[in-house]
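Quick notes on the structure that follows.
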Amino acid sequence: MRQPTILVVDDEIDFLETIVNRLRKRGMAAEGVDNGREAIRRIVETPFDVVLLDIKMPGGMDGIEVLRQIKEQRPETEVILLTGHASVETSLEGMELGAFDYLLKPMRFEELLKKIAVALEK
């Protein structure tokens, strides 16, 4: 059985590394990047099953713009939005643009795993 491929996009390096490591321990092929431009570059190069995408990121490209570009490049990729700062309205905007779901940070890892599992089934 093929390992699920997960791309984690978050500018908080400690959070990013922790999530990537925990996903790998669960048998997933997880990678992490800390900005939107790098996320788009990786998506163009490699198809991922699921992207975990922080909404609020510095550097001129927020999560909503990254989501738009992911859906243009790889519409089959499921995106789960992560937010610790953005409003629920921003998360709902992301859902309208094609995000699979969203989670508020801090979240329980088990809750994240359940969302990923459902996204993989889709």
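The values are calculated or read from the model by the stated rules, or taken from the named source; none is laboratory data. This structure is a prediction, so every number in the text was calculated from the model and none was measured. Neighbour counts are summed over all protein chains in view; Cβ atoms, including those assigned to glycine, are modelled from backbone coordinates with ideal geometry.
Structure above, values below:
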{"read-out": "Within the stretch 1-18, considering residues that are part of a helix (DSSP H, G or I) and more than 13 Å from the chain's Cα centre (by Cα), the one farthest from MET61 (Cα to Cα)", "value": "THR18"}
{"read-out": "Pairs where the first residue, in the stretch 96-115, is in a strand (DSSP E or B) and the second is surrounded by 15 or more Cβ atoms within 10 Å (Cβ to Cβ) and among the acidic types (Asp, Glu), C-beta under 7 Å, 6+ apart", "value": "none"}
{"read-out": "So GLU17, is it in contact with a Leu (Cβ under 9 Å, 6 or more places away or on another chain), under 19 Å from ILE116 (Cα atoms) and modelled with pLDDT of 95 or more", "value": "no"}
{"read-out": "Any hit, the stretch 79-90, residues being among the charged types (D, E, K, R) and within 21 Å of ARG22 (Cα to Cα)", "value": "no"}
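Matching residues to (1) among the basic types (Lys, Arg); (2) in a loop (DSSP other than H, G, I, E, B); (3) over 10 Å from the mean Cα position of the chain (by Cα):
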position	(1), (2), (3)
VAL20	no, no, yes
GLY32	no, no, no
ARG37	yes, no, yes
ILE43	no, no, yes
PRO47	no, yes, yes
VAL51	no, no, no
MET57	no, yes, yes
ILE70	no, no, yes
PRO75	no, yes, yes
